[in-house]
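What follows is a set of notes on a single structure, which appears directly below.
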Amino acid sequence: MNHHSNPTPPVVLTIGGFDPSSGAGITADLKTFSAHNCYGVAAITALTIQNTQGTSAIQCVEPALLKQSIDSLLADERIKAIKIGMLGNKAVASVVREVLEATASLPAVLDPVIRATSGLELLDAEGLEFLKEHLLGRARLVTPNLDEAALLTGLKVENIEGMKAAAHKLVEMGAKAAVVTGGHLDKAVDVLFDGAEFETFVGDRIKPDNTHGTGCTFASAIAANLALGRQLRDAVVLSKAYVTEAIRKAYAVGPGRLPLNHLYRMQQNPRATDHAPAVPEAVH
């Protein structure tokens, strides 16, 4: 029995791949949870060979092992939210469907990782179809980038109007809400559709090479904010502000695309912590 009197922070579960360079995947998720004063636990779906210069190979875990790992965490931890990242194949995605069915009361954020920047497929064709049919409708929010939104919907997604169309189509396909992220546009634009209204968040595009793991981090920050009890829109706004500042504060750890500085808040002096990062402009 635990007799510690310290208050327990919200526990957030991440289910995703392991990036040994710690820029993306579950290590980025765990750092993001910590930055939001949450406690992170993790179940690994796949091992990857990657560094700042790209991803060259993946190896998915056995589905039975993944299921046992997740069941063990669910039985032990007071989990408040779930973040889902790289799945790899249909068998792993099937395990995640079972988990989401068993935890339907928890908010889940689905980051549909489909293809690495290097072009390597991170989710096979059967897994992609399974995700569309069985996972979209079981998550509180889905957070694709432009390419992922295009692959999921079959639409051309190259500008804000395309992002709105894709977000709307994702909700038609079963998603409760969708954020299409446009960090590769001239402005860092994200489009949220909650099933009733669109909202567009515009931010500055800064340090475009400091973007290794932005999708993972954004989705993880939203999951953490939901675990803290915030409403979906507020979670999206605060997460965009956090990612923007983490990009701004990134530093070189390799010669390729730089990972975000997930723990920049820990490096601020006490006076600096009195000032929150700028909140992105919302356009209805």
Requiring at least 2 residues that are farther than 22 Å from residue 213 by Cβ, the strands (runs of 3 or more DSSP E) wholly within segment 1-92 are 79-84
Checked pairs for segment 70-91, first hydroxyl-bearing (Ser, Thr, Tyr), second buried (at least 24 other Cβ atoms within 10 Å of the Cβ) and not in a helix (DSSP H, G or I), C-beta under 9 Å and 6 or more apart or across chains, list as 72/43
Which of the residues that make up segment 112-128 are in a helix (DSSP H, G or I) and either over 18 Å from residue 47 (Cβ atoms) or out of contact with any Gly (no Cβ under 8 Å at 6 or more places or on another chain) (or both)? 125, 126, 128
Of all residues being modelled with pLDDT under 75, touching a strand residue (DSSP E or B) at 6+ places or on another chain (Cβ under 7 Å) and not in a loop (DSSP other than H, G, I, E, B) in segment 234-284, which is surrounded by the most Cβ atoms within 10 Å (Cβ to Cβ)? Just the residue, please. 282
Those residues of segment 19-51 that are at pLDDT below 95 and aromatic (Phe, Trp, Tyr) come to a total of 0
Filter segment 124-165 down to the residues that are in contact with a Lys or Arg (Cβ under 8 Å, 6 or more places away or on another chain), aliphatic (A, V, I, L, M) and without any contact (Cβ under 8 Å) to a residue 40 or more places away in the chain and list them by number. 150, 151, 155
Condition first: crowded, with 18+ Cβ neighbours inside 10 Å and more than 29 Å from residue 257 (Cβ to Cβ). Can you find one or more residues in segment 50-62 that meet it? no
Residue list for segment 27-46, filter: within 20 Å of residue 254 (Cα to Cα) and without any contact (Cβ under 8 Å) to a residue 40 or more places away in the chain: 27
Quick count over segment 151-179, residues being over 29 Å from residue 105 (Cα atoms) and part of a helix (DSSP H, G or I), is 3
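The values are calculated or read from the model by the stated rules, or taken from the named source; none is laboratory data. On a predicted model such as this, the values are computed, not experimentally measured, just so you know. Positions of Cβ are backbone-derived with ideal geometry, glycine not excepted, and every protein chain shown enters the neighbour counts.
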